[in-house]
Amino acid sequence: MDKSNGADRSENVHAQPKMKVLGQFMRDLSFENFAAQQERNVAEVPSIAFNVQISTKESGRDIFSVSVLLSIDAKSSKSGEPIFLLELDYGGRFLIENSSFDQLKPHLLIECPKLLFPYIRRLVEDLTGEGGFPPLKMDPIDFAEIYKRKQEQALSGPTADS
C-alpha cells in the first residue's frame, strides 16, 4: 500500500466505512476423482480434510482483490486411499472506502471472504455431486477465527511447525 493511501485512511477515521463487491470469479479449479479413475466403488463415509487460505492484494486506490483458496482432500477412512481432491481458488474484487488502516485488514480477511463463501459452498456442493458423490454440504467457515489465529501466530513468532 502506498503512503498516500495510508495518509488518506488515517484522515477518514470518522467517516463510515463502505464496502462494495465489484466482481467475483473463479481463478482456478481442480477436481480429481481418484475413485472413478481406479474404478472403485466408495460406499463408506470418507475422511475429509479442509484447508483454507486467504490472500489479498491492493489493485488500485481503495480497490482490493481477495482470494480464498480452498482444498478438500477426501480419503478412505479405512484404507487411507485417496477418493477425491478438490482445489478451488475463488476471488473477488472489492471497493473499500473510508476504512482506517486498522479496519482494513479485518475487512479484507473476514468480511470479504464471508461475502464470497456462499458461492464457494455452492460450487463445492455441485462439483462433488456431479463427481458421483453425495453433494458435500460445507458448514460455514469462521473467517474471524482464522484471522484471530493468524494474528496470534504472528504475535508469538515463528514456531517449530513453521
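The values are calculated or read from the model by the stated rules, or taken from the named source; none is laboratory data. As the structure is a prediction and not an experimental result, all values here were calculated from the model. Note: ideal-geometry Cβ built from the backbone for every residue, glycine included; neighbour counts use all protein chains shown. Side chains included, ligands, DNA and RNA excluded: accessible areas come from the protein's heavy atoms. Shrake-Rupley method; radii C 1.70, N 1.55, O 1.52, S 1.80 Å.
Looking only at residues in region 52-72 that are of a type in the set (S, T, N, Q), under 9 Å from the mean Cα position of the chain (by Cα) and open to solvent by 30 Å² or more (accessible area, probe 1.4 Å), which one is farthest from residue 125 (Cα to Cα)?
55
For residue 87, indicate whether it is more than 11 Å from residue 19 (Cα to Cα), out of contact with any helix residue (DSSP H, G or I) (no Cβ under 8 Å at 6 or more places or on another chain) and of a type in the set (D, E, K, R). Walk me through how you get there before you give the answer.
On the way: more than 11 Å from residue 19 (Cα to Cα): yes; out of contact with any helix residue (DSSP H, G or I) (no Cβ under 8 Å at 6 or more places or on another chain): yes; of a type in the set (D, E, K, R): yes.
Yes.
Just give me the residues in region 41-50 being surrounded by 13 or more Cβ atoms within 10 Å (Cβ to Cβ) and modelled with pLDDT under 85, in sequence order.
42
Restricting attention to region 71-88, does a residue exist that is of a type in the set (D, E, K, R) and farther than 30 Å from residue 34 by Cβ?
Looking through region 71-88, none of the residues is of a type in the set (D, E, K, R) and farther than 30 Å from residue 34 by Cβ.
Where in region 49-162 are there helices (runs of 4 or more DSSP H), lying wholly inside it, with at least 3 residues that are touching a residue at least 60 places away in the same chain (Cβ under 8 Å)?
101-106, 112-130
Condition check ((1) crowded, with 17+ Cβ neighbours inside 10 Å; (2) over 20 Å from residue 27 (Cα atoms)) across all residues:
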position: 79; (1), (2): no, yes
position: 93; (1), (2): yes, no
position: 97; (1), (2): no, yes
position: 112; (1), (2): yes, no
position: 118; (1), (2): no, no
position: 136; (1), (2): yes, yes
